[in-house]
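Taking it in order: structure first as structure tokens, then the write-up.
The values are calculated or read from the model by the stated rules, or taken from the named source; none is laboratory data. Quick caveat, the model's predicted, so the values are computed rather than measured. Heads up, the Cβs are rebuilt from the backbone with ideal geometry, glycines too, and the neighbour counts pull from every protein chain shown. Quick note on the areas: whole protein, heavy atoms, side chains included, nothing else; ligands and nucleic acids left out. Shrake-Rupley method; radii C 1.70, N 1.55, O 1.52, S 1.80 Å.
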Amino acid sequence: MDEKSTNLTQAEWTVMECLWEKGGLTGREVTHEMAARCGWSRSTTLTLLGRLEHKGVVKGAAGERGPKVFSPLLRREDAALRETKNFLSRVYQGSLSLMVSALTKKQALPQEDLDQLYALLKGLEEERHD
């Protein structure tokens, strides 16, 4: 699976969220879900499923006599990590500290978030020294 080809559009991400939540679904089930969630037509949803199959992030497998069932091949965590790396690279030249700085300049972080960030950084520092 080519990392570049697995960049998901917003619409593709929406279909993937459905598959991540519900597991394997038939094309009919996905179209019903997307109609309810987004008001999408059957053809829009099927086009997106086809794109996701082509990208290799969804597998559509037909049973012996049953309809084709679509299942995610890309885990949500992996997709989120790729999206985050892409965002950091595109907007903050790959610098996490620039991003955190920008976010904290516009709004104060709650103490709980600061404590979590501190604990995360401390844990990363300890790992480096092991």
*asked:* Tell me the angle of helix 111-129 to the major Cα principal axis of the chain, expressed in degrees between 0 and 90 and rounded to the nearest ten.
replied: 80
*Going by a ≥ b ≥ c, the root eigenvalues of the Cα gyration tensor, does the stretch 31-103 fall in the rounded group (a/c under 1.5), the prolate group (a/b larger than b/c) or the oblate group?*
prolate
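GluC sites (Glu not before Pro), restricted to the stretch 1-78: which are DSSP loop and have at most 13 other Cβ atoms within 10 Å?
Counting only loop positions with at most 13 other Cβ atoms within 10 Å, the GluC sites (Glu not before Pro) in the stretch 1-78 are Glu3, Glu64.
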*Using just the C-alpha positions of the chain as equal point scatterers, what log10 of I(q)/I(0) does the Debye formula give at each q in 0.11, 0.13, 0.15, 0.18 1/Å?*
-0.57, -0.71, -0.83, -0.98
*Given H placed on each backbone N at 1.01 Å, which residues far from Thr26 in sequence or on other chains put an amide H within less than 5 Å of it?*
Phe70
_Over the chain: helical MRE at 222 nm, DSSP H runs n ≥ 4 each giving -39500 (n - 2.57), nearest 500_ = -21500 deg cm²/dmol
*asked:* Quick check: at a probe of 1.4 Å, how many percent of the accessible area of the chain sits on carbon and sulfur atoms?
replied: 52
*Charge sum, other residues only, whose C-beta stays under 11 Å from Gly60's C-beta, Lys/Arg counted +1 and Asp/Glu -1*: +1
_Quick check: net charge around Leu46, other residues with Cβ under 14 Å of its Cβ, Lys/Arg +1 and Asp/Glu -1?_
0
*For the chain, what is the accessible area per residue in Å² when the probe is 1.4 Å?*
71
_Whole-Hz ³J(HN,Hα) for each residue in the stretch 77-93, computed from phi via Karplus 6.51 cos²θ - 1.76 cosθ + 1.60 with θ = phi - 60°, x for glycine and proline: what do you get?_
4, 5, 5, 5, 5, 5, 4, 5, 4, 4, 4, 4, 5, 5, 9, 10, 6
_Can you compute 3J(HN,Hα) from phi for each residue in the stretch 34-39, using the Karplus curve 6.51 cos²θ - 1.76 cosθ + 1.60 with θ = phi - 60°, rounded to whole Hz and x for Gly and Pro?_
5, 5, 5, 6, 10, x
*How much net charge surrounds Thr26 when only other residues with a Cβ under 12 Å from its Cβ are counted (Lys, Arg +1; Asp, Glu -1)?*
+1
_List the trypsin sites (Lys or Arg not before Pro) within the stretch 44-79 that DSSP assigns to loop and that have no more than 16 neighbouring Cβ atoms inside 10 Å._
Arg65, Arg75
